[in-house]
Amino acid sequence: MVESNLAAVLANMRKCPAEADAEAHMATFDVLARAIERCTAAGRFAPADAAELAFQFWAIGHGAVTRQLTGLYSPDEARRFAAVGLHSLFVGWGDDPQAARRSLMDAGRRRTPAPVPSRAPANYTQRST
C-alpha cells in the first residue's frame, strides 16, 4: 500500500505546473533564498550561493513531507527528521552547532499543529503531536 501511495505522489510531481503555480513556487523559493542571504550577512553561514543552499533546505523539507504523505512518517517524525537534517545543513554551511540547535528549537516552538492534508492518502492517520 505504501508503494502505491508513493507512486501517486511521484506521478503528481511529474505534472508540469501551471504558470501561476510556477510563479508562486518561485516567490516562495525566493523568500527562502533571501532568508539564507540574511543568515550569511549575519555571519551564521559562510558565503555561498543562496539559491543552491535554499535548494538543499527545500529538498530536506520536501523529502520529509513526501514520506509523511505516503504514510511512512507521522507528522512528528517528519518534523524531527527534517530538523535533524536542517541542523546538519546549517552546521555544514558554517553555523555554530548550538546556535543552529537554538534556532531550530525556537522555530519549533512557533509552529502551529499541522492539519491533515485535504488530499491525504486513504491510509493516512494523523498521530497526536
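The values are calculated or read from the model by the stated rules, or taken from the named source; none is laboratory data. Keep in mind that this is a model prediction, so the values were computed, not measured. Virtual Cβ from ideal backbone geometry, glycine too; neighbours counted across all protein chains shown.
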Say we look at segment 56-96 and pick out the residues that are over 19 Å from L32 (Cα atoms) and either at pLDDT 95 or above or in contact with a Pro (Cβ under 7 Å, 6 or more places away or on another chain) (or both); which of these is surrounded by the fewest Cβ atoms within 10 Å (Cβ to Cβ)?
D96
Breaking point among (1) part of a loop (DSSP other than H, G, I, E, B); (2) at pLDDT 95 or above; (3) not charged (D, E, K, R), for C16
(2)
So for segment 22-31 (the condition being under 15 Å from the mean Cα position of the chain (by Cα), exposed (fewer than 14 other Cβ atoms within 10 Å of the Cβ) and either among the polar types (S, T, N, Q) or closer than 22 Å to P97 by Cα (or both)), does at least one residue qualify?
yes
Sort out which residues of segment 32-47 are in contact (Cβ under 8 Å) with a residue 40 or more places away in the chain and loosely packed, with under 13 Cβ neighbours inside 10 Å, and write them in order of number.
A46
Segment 58-95: number of residues that are among the acidic types (D, E) and either without any contact (Cβ under 8 Å) to a residue 40 or more places away in the chain or assigned to a helix (DSSP H, G or I) (or both):
2
Identify the residue in segment 52-79 that is touching a Phe, Trp or Tyr at 6+ places or on another chain (Cβ under 8 Å) and aliphatic (A, V, I, L, M) and, among all such residues, is nearest to D96 (Cα to Cα).
L53
